[in-house]
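Data block below; observations after.
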Amino acid sequence: MADVVQYRLERMVNELDDLERRGVFSRREIAEIVKQRRKFEYRLKRPSPLKQDYLAYIEYEKQLDSLRRLRKKSVAREAKKKTKKSVSDFAGVSRILEIYQLAVMRYKGDIDLWFRYLEFCRERRNGRMKKVLAQVIRFHPKVPGVWIYAAAWEFDHNLNATAARALMQSGLRVCPTSEDLWVEYLRMELTYLNKLKARKVALGEDEGTLINDHRDADEKQWREENKDLFMSLDEERGSRDVSNGQNEESKKKSDMFQEQGLSILRTIYSGAVEAIPSRFSLRTQFFEILEAINLAGSKEMQKEILSDMKRDFSAEPEYWDWLARLETIDSESTQERGTDIVPSQLQKAVQVYEEALKFLPSAVMFNLYTKFLMDAIVSREKTKNSEPFSTSEHTVGSLSHLLMVYEKAENMGCLTEDLACQHVSLYLQLGKLDEARKLAEKFCNGKFSGAVHLWLLRVSVEMKYVTRKCPSPSKADLLSIFELLRNILTKVAISEAEGLWLMALKFFSNHKHFFDKLVDISLVSLAKDGGSENGFCLSSAIVNFVLQKDGIQSAREMYKRFLALPRPGLPMYKICIELELNLAAINDKDCLVNARKLFESALTTYDQDINLWQDYYSMEIKMGTSETAAAVHWRARKKLKDAAALIGPAQL
């Protein structure tokens, strides 16, 4: 190993001498460089070098080369003359490439490392790029990104469309089911065709491009409407026929490019559909590309793609949602996605959703339908910078239709808990508290009697209802809300009803009678289900409420009631211990005694929990004596099965 490292360092002598001779680095700095390189070289010569070893060496050499370039500029500026390139100008990049080569040969399967290597070659315009691309294709022929990267390099850097096309076609033979590969192949072919057309335009043999520019169309229409303003007397008298002849010839050439582009798109589209017929996103990407370019017969091609999609994906809710949203985008104007939707477009989208419900009456379809309508309403209000759910005619119509859709979902038996919650929430957003209250009551007493989220919404509605007139509700109102909560809390597991419990405890925290009843319900539920080992801990939440409201003594009495239950749970013990330790920190010796009792009680059940022993030992170190701390450590070594985890007290 030492001989190999020494040999590699000796190969750097000419480079280092050149750096010193040119005054880029001093002798002391060169000695430090040699020291660092020797360290990295030894790390690479280990029996199993890590990927990080290679990357660290590469990063060091990159920073060193950057510093060398800065120093070289500084020296040249002081000398006021240009310096010729020498061995030190190329040695740094060559060494980085060599390290990358060693790394990828060691970790052939790391595609990220290969792409780092390629990016470095591309940035430094190194001639090794083609060789590295051949290597990565040989080792990773099943990775579509490799073929796309190689083709893009040939197309953009080498300007070799033939080689890029050959690479793409080879990639499609190896990875015929790659959606990205098909789409990028189409983009490349259309880009090449557009470049050819742009060249003709530059030579004055053609006009326009294959890319749709709606501004040009609008300008042409305006010029046509106001042609008298642009028509000169000479054009009127004699040059109209010549101009028309030139326009016809240019149009024929333009049509040739457009027809060729459509032929390319049709060929690639048919091949892609044959290779991956079940990929919906592939069809949508082809359709969007077709919309963005100006091709002869593109309307017919769009109809063909839409027809194929309806045939193959009419049973997919995603297709109908995409088709409806497509109706809200005007392809012949400069409208962008996310802008205000005009009523006529909204009506067309609604018709698509209604047709979808005939083919596919499902909860998923209704969910997509309602989401679209809500997005349309919110988008319109944001565009007008008005308050949410304003009283404009269009917004009111959309909201009434949205409510009808919720009702239709209920009538068709497609209403889910999520849709029911959305329905109630919409009434709340509209300020219709009475309607929201009646609807929530209807759902909770019907098919969603066990739906926790709907009950949470219903209880919050009832709380708003009883407090909207008077901040302090009457006893009858409190009783009605408590009965609602008891009805659901006794049926649902504690782990599922976290939000309900917290809402109930917060609402009744200042009403001792009802709070005590909630505590009794919690004791019954915890006795039945046991304490939580992770996640929501109801008993600790109640103890915290009592601590904030009534103080430490009441909290201590409360946690003793919970700890008396079977299986109170480790989180409950930890909360109680933390409570006592906080008070023990201010020299309350009774709290230290209570904390020890809690630790001992917890260890009777959780004697294999190393973190519990660690906390116990840490407490004794801070607040106890050396004898009690040593006793805890000795007991931990005896009890724990994993004795290696407790080699010494320092580990605790």
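The values are calculated or read from the model by the stated rules, or taken from the named source; none is laboratory data. Given the structure is predicted, the values throughout are model-derived calculations rather than measurements. Note that we place each Cβ from the backbone using ideal geometry, even for glycine, and neighbour counts take in every protein chain shown. Calculation scope for accessible area: heavy atoms of the full protein, side chains included, ligands and nucleic acids excluded. Shrake-Rupley method; radii C 1.70, N 1.55, O 1.52, S 1.80 Å.
With a point put 7 Å past each Cα toward its Cβ, work out how far Thr83 is from Arg8 in nm, to one decimal. Label-label distance for Thr83 and Arg8, simple model: 2.7 nm. In the full protein context, the chain carries 56 Å² of accessible surface per residue, based on a 1.4 Å probe and ignoring ligands, DNA and RNA.
Built from the Cα atoms of segment 18-71, the convex hull projects on average onto 3.8 nm², one quarter of its surface area.
Which FRET efficiency, nearest 0.05, do His453 and Asp156 yield, Cβ-Cβ r, R0 60 Å? So the FRET efficiency works out to roughly 0.70.
Both radii were evaluated on the Cα set of the chain; the Rg over Rh quotient, with Rh as the Kirkwood radius, amounts to 1.10. For segment 1-83, the Cβ-based charge dipole about the Cα centre amounts to some 420 debye (Lys, Arg positive; Asp, Glu negative; other atoms uncharged). Can you give me the distance in nm between label points at Asp434 and Val34, each placed 7 Å from the Cα along the Cα-to-Cβ direction? Simple spin-label model gives 9.4 nm for this pair. Mind grabbing the base-10 log of I(q)/I(0) for segment 78-124 at q = 0.19, 0.21, 0.30, 0.32 Å⁻¹? Debye formula, identical points on the C-alpha positions, no solvent, two decimal places. Debye output, listed in q order: -0.66, -0.74, -1.08, -1.14.
Relative contact order, whole percent, for segment 1-137 stands at 23, derived from Cα pairs under 8 Å and 6 or more residues apart.
Here Asn411 and Ser509 are evaluated by their C-beta separation; at R0 = 35 Å the FRET efficiency comes out at 0.25. When Met572, Met412, Met374, Met1 are compared by accessible area at a 1.4 angstrom probe, the order from most to least is Met1, Met412, Met374, Met572.
Rounded to the nearest whole Hz, the Karplus-based 3J(HN,Hα) values (6.51 cos²θ - 1.76 cosθ + 1.60, θ = phi - 60°) of segment 512-527 follow the sequence 4, 4, 6, 4, 5, 5, 4, 4, 4, 4, 5, 4, 5, 5, 5, 5, with x at glycine and proline. Projecting the Cα atoms of Ser86, Tyr573, Ala451 onto the charge dipole of the chain (Cβ charges, centred on the Cα centre) puts Ser86 farthest toward the positive pole. The amide H of Ile293, built 1.01 Å from its N in the peptide plane, has Asn212 as neighbours under 5 Å, considering only residues 5 or more places off or on other chains. Here the gap between Asn445 and Ser48, fully extended at 0.36 nm per residue and compared with their Cα-Cα distance, gives a gain of 136.3 nm. Site pair Asp418 and Ser94 shows an inter-label distance of 6.2 nm when each label is modelled 7 Å from Cα along Cα→Cβ. With the convex hull of the Cα atoms taken as the outline of segment 424-580, the averaged projected area works out to 9.7 nm².
Each peptide among 596-604, 95-103 gets the average number of other Cβ atoms lying within 10 Å of its residues, and from highest to lowest they stand as 95-103, 596-604. Think of the chain as having a plus end and a minus end, set by charges on the Cβ of Lys, Arg, Asp and Glu; of Ser74, Val4, Gln63, Val4 sits farthest toward the positive end of this dipole. As a rough guide to protection, the peptides 494-507, 303-316 ranked by mean Cβ packing within 10 Å, highest first, stand as 494-507, 303-316. Around the Cα centre of the chain, unit charges on the Cβ atoms of Lys, Arg, Asp and Glu (plus for the first two, minus for the last two) sum to a dipole of about 3600 debye. Stokes-Einstein diffusion for segment 36-194 at 37 °C, viscosity 0.692 mPa s, with a Kirkwood radius from C-alpha pairs, works out to 183 µm²/s.
Partner lysines whose Cα lies under 18 Å from the Cα of Lys348, excluding those fewer than 8 positions away in the same chain, are identified as Lys303, Lys310, Lys358, Lys371. Counting 0.36 nm for each residue step from Asn611 to Arg69 and taking away their Cα separation leaves a gain of 189.7 nm.
Take every pair of alpha-carbon atoms less than 8 Å apart whose residues are at least six positions apart; their mean separation over the length of the chain yields a relative contact order of 5 percent. Once the C-beta distance of Ile111 and Val342 is scaled by a Förster radius of 56 Å, the resulting FRET efficiency is 0.75 to the nearest 0.05.
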